[in-house]
1. Just the residues that are touching a strand residue (DSSP E or B) at 6+ places or on another chain (Cβ under 7 Å) and either away from chain A (no Cβ under 13 Å) or within 19 Å of A:Met103 (Cα to Cα) (or both), please, taken from segment B:260-274.
2. B:Lys354 is checked against (1) within 14 Å of chain A (Cβ to nearest Cβ); (2) without any contact (Cβ under 8 Å) to a residue 24 or more places away in the chain; (3) not acidic (Asp, Glu) and fails just one. What number does that condition carry?
3. May I ask you to list the residues in segment A:86-104 that are free of Cβ contacts under 8 Å to residues at least 40 places away in the same chain, surrounded by fewer than 24 Cβ atoms within 10 Å (Cβ to Cβ) and either within 10 Å of the chain's Cα centre (by Cα) or more than 14 Å from chain B (Cβ to nearest Cβ) (or both)?
4. With respect to B:Pro275, determine if the residue is within 24 Å of B:Asp355 (Cα to Cα), out of contact with any Leu (no Cβ under 8 Å at 6 or more places or on another chain) and either not small (Gly, Ala, Ser) or not assigned by TED's automatic domain parsing to the domain that holds B:Ser183 (or both).
5. On the basis of being more than 16 Å from the chain's Cα centre (by Cα) and within 14 Å of chain B (Cβ to nearest Cβ), does A:Asp200 make the cut?
6. If the Cβ limit is 6 Å and pairs must be 6+ apart or interchain, which residue in segment A:224-245 that is within 30 Å of B:Ile86 (Cβ to Cβ) and within 7 Å of another protein chain (Cβ to nearest Cβ) pairs with which residue that is among the hydrophobic types (A, V, I, L, M, F, W, C) and part of a strand (DSSP E or B)?
7. Would you please list the contacts, defined by Cβ atoms under 6 Å and residues six or more apart or on different chains, that run from a residue in segment B:51-75 that is of a type in the set (Lys, Arg) to a residue that is in a helix (DSSP H, G or I)?
8. Looking at this structure, is A:Asn75 facing another protein chain (nearest Cβ under 9 Å), crowded, with 17+ Cβ neighbours inside 10 Å and either modelled with pLDDT of 95 or more or in a strand (DSSP E or B) (or both)?
Amino acid sequence: MITIDAAGMHYKELNRLIREGIKKGIKKFFLENVNGQYYIGDGIKGDDVVININGIPGNDLGAFMDGPTLIANNNAQDNIGNTMNAGKILIKGDAGDVVGYGMRGGKIYILGNAGYRVGIHMKGYNEQLPIIIIGGKVGSFFAEYMAGGIIVLLGLNDSDEFDSEYFASGMHGGAIYLRKKIDFSKYSKDVELYEADENDMNFLKKYLIDYADSFNISSEEITGKPFYKIVPSSARPYAHLYTSA
Amino acid sequence: MTKSSFSNIQSEYLALIDHNKCVRCKRCIQNCGWGTYSFGGDKIISDHTKCVACGRCYTYCPEGAISIVKNPTVIRENANWQESLIKNIWRQSETGGIVISGMGTTFKYKKYFDHILLDACQVTNPSIDPLREPMELRTYLGKKPSKLDIDFDETGEPILKSKMPPQIELQTPFVFGAMSYGSISLNAQKAMALAARALGIVMNTGEGGLHDDLVPFGKNIIVQVASGRFGVHRDYLNSGVAVEIKIGQGAKPGIGGHLPGEKIGADISKTRMIPVGTDAISPAPHHDIYSIEDLRQLIYAVKEATDYEKPVSVKVAAVHNIAAIVSGIVRAGADIVYIDGYTGGTGAAPNIIKDHVGIPIELALAQVDERLREEGIRNEASLVAAGSIRSSADAVKAIALGADAVAIGTAALVVMGCHVCGKCNTGNCSWGITTQRPELVRRLDPEIYGERLYNLISAWSHEIQEVLGAMGVNSIESLRGSRERLRGIELTDAELNALGIKHAGL
C-alpha cells in the first residue's frame, strides 16, 4: 500500500510513480489531492491492483488499461476507459464526454451522469464483454458505431426521459438496456427496441447487483422496474452502400 | 429499387485463348481468382466480363496461349463524356451504390516528381564514386534535440550528456506503408516483415492489429492505432518499435474505412479482436480527437502506455492546409509525421474521394518542410513521405524536398505480382495479396517475395547512392531538404513557388 500526494504534481511524475509502484509489487494505491492529472492508470496491468483516487482525475483515466481497478471518489473528466482491455473503473460522481471509446473489456460504473459520446465504438470479443452502467443520463451521440458489449442506462436521477440526440446511430453490435421508456421515434433507424425479457434480466442481474454494491445503494431500487433493450437491426449497416468500379 | 439483371456495362478486356497452343492443363482456371475461365468439355472457355487484366493467367500459362486485350468494341470516344464516366453512370444507375475501388487514383493529374530534375557535380566540387567510398543511407526517425550537451572524460573524449529521444533506426530511408491484415493477406504482411528484417527497415501493421506470427518481427514493425482501435491494447502498443496514430490516408482523406463482414474470418477476427462476420468500421474521425489539443492527448496517452520508450508517429493525408496542420501535429508532440499524398493507395475507397480530394505529396512536402523550418521546429519530428513513390528517383526527390524517409505500399505489392488492377476491394486477388481466400493466399510465398522486396529496396538504395555520389555528397542527411539541388521543368511560377525550387537553367 502506498499513498501519493498528487498536489501540484505533473501527470508524468504521478503516473511514473504508479508504474514504478506496480513494478515493485504494490497492490493498493491511494492518490490524494488529485487535480486534473491526465492518464491515471494508462496502460497498467495487474488484476489485483487497486487505485483509489481522491480529487478529480483528468482525461484518459484508465486508457489502454488491462486489469486493475480505479476508484474515483468524486467526478471524473473525459475519455474514461479509452480502448480499455480489462479492469474496472468506478466513478462516484459524474463522468465527462467519450466514456469507453473502443473499450473491449472490463467494466465502467458511473453513479451520476455521463456526457456526450458514451460507448462509441465499444466492442466485444470472445469472452471479453465490456460493460458500462450509468446511474443517471447521457448526452448525445450515445453508443455511436457501438460494435459489442453492454451499456445500461438506469436514469436514477428521476429525469423523465433520456433526451440525447443521435442515439445509437451506426450501432452494429452489442446491446443497450434502459430502465426508462424512451420516445423511440427520436432515435437512430439502425436499432430496434424490445421489452427486456426474463433471460435479459437474469443476465443483467449480477452486473446490477455488482453496481449497487460498488456504490452502496440498494439493488432492489434499481431492478424494481421493467427494462427495455436496444439492439442493432444489422451487424452490417453499410453492406449495400457500395458498388465496385 | 428492383434490380434488373441486364447491364449496359460490357467487358473491359477480352481473355483470348489460342486453342492451337492450349494443352488444356487448366492452370488458368486454377489461377484466376475471378472465375474467368471454365472447361467447356473439350476446351477452355472465357467469360470476358469477369476479366480484370490482373495478369495472373498469362504469367502462369505454360504454353503462352493466353492474351488479355482491351475490348476493341469501343464506347464512342468523347473527350468530355469519357468511357469511365459513362460506365460509372451505368454502374450507379444499376445498383444505387457509391463507386469504390482499390489502389490509388487513375486520374491523369500532373506528377510533379516527373517535372523535377536533380543536380550533379561537374569540375568544381567533385562527384564521389559510391563503389569505392562510403555512402551513408542510415536514417533515424524521431524527435532530435535542439541542442546537445556534451561532457568530456578524463582522456578528453566527448561523452553525450543529453538523453536522446527514442528513434527508429533505418539502414536505408525506406519504410513499408501501412497495410492491414484484412486489406492484404497475412502472407503479404509476412513477406514485408521478412524483407524489413533483412533490410533493417520497418513495416507497418495498418489498423488491423498484429497477428501472432508477426510478433517475433517486433523490431521491424510499427503498430498503428486508428479510429476503429482494432486489436489495440497495451501489449500491442509495446510490441513494435513505434506507434502510429492514423488520422488520414492519401487515397481517402477525411473518411474512414469499412472492412466488410465477409472478410472477417476466424483469423482476422482474432487479430482485430472483433466477432467473426461483423463489419469492421473505422469511423471517419477518432471520436476523441477534435482538435490539436485532443491529438496531443492521444499522443501522450500512447506515450504513457509505452513508458516514453517509443516514438509516436501521426499519419495524415496531404490536404490543402497541410503545412499548418503538420505544424500543429508536431507541436502536439508527434515524433514522426507521415504525410500521404493524394495518389496513395488503398484497399478500398470511394472513387469520388480518391479521384478528387487531397494534394500531391511533392507540394505538401515542400510546404511542410519550409513551414517547420520557419517555425524552428523541423528537428522536433521526422517526416515520412508517401503517396505512390514509384522509383528510387521519386524517393531521392522526396528527400530533397524535405522528407526524412519515404514509404512504399503499392510498389511493394507490385513486387508480389500486383498489376494494379484496382480490384483490391473485391477480395478476389489472383496473386494472393488483397484476398483472404485460402486457396489464393496460399500461392503467395512470403520467403520468395520477401527476398524480392529485399532485392528491390537494395537496388533502389544503390541507385540513391549513385545519385548522391553524382551530387558530391556522401550521406543522405546532406540531401535532406536541400531544394537547391532540384530544378523544375515545364512548371509555372506558381508551381515552382509552391515547390520552393528554381526552374531548370536558373
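1. Passing the criteria: B:Ile268, B:Thr271, B:Arg272, B:Met273, B:Ile274.
2. Among (1) within 14 Å of chain A (Cβ to nearest Cβ); (2) without any contact (Cβ under 8 Å) to a residue 24 or more places away in the chain; (3) not acidic (Asp, Glu), the lone unmet condition for B:Lys354 is (2).
3. A:Lys88, A:Gly93
4. No: the conditions fail for B:Pro275.
5. Answer is no for this residue.
6. From segment A:224-245, the pairs are A:Leu241/B:Ile98; A:Tyr242/B:Ile98; A:Tyr242/B:Ile100; A:Thr243/B:Val99; A:Ala245/B:Val99.
7. The qualifying pairs are B:Arg56/B:Asn31.
8. Spelling it out, it is not the case that A:Asn75 is facing another protein chain (nearest Cβ under 9 Å), crowded, with 17+ Cβ neighbours inside 10 Å and either modelled with pLDDT of 95 or more or in a strand (DSSP E or B) (or both).
The values are calculated or read from the model by the stated rules, or taken from the named source; none is laboratory data. This structure is a prediction, so every number in the text was calculated from the model and none was measured. Every residue, glycine as well, gets a Cβ built from its backbone with ideal geometry; the counts of neighbours run over all protein chains shown.
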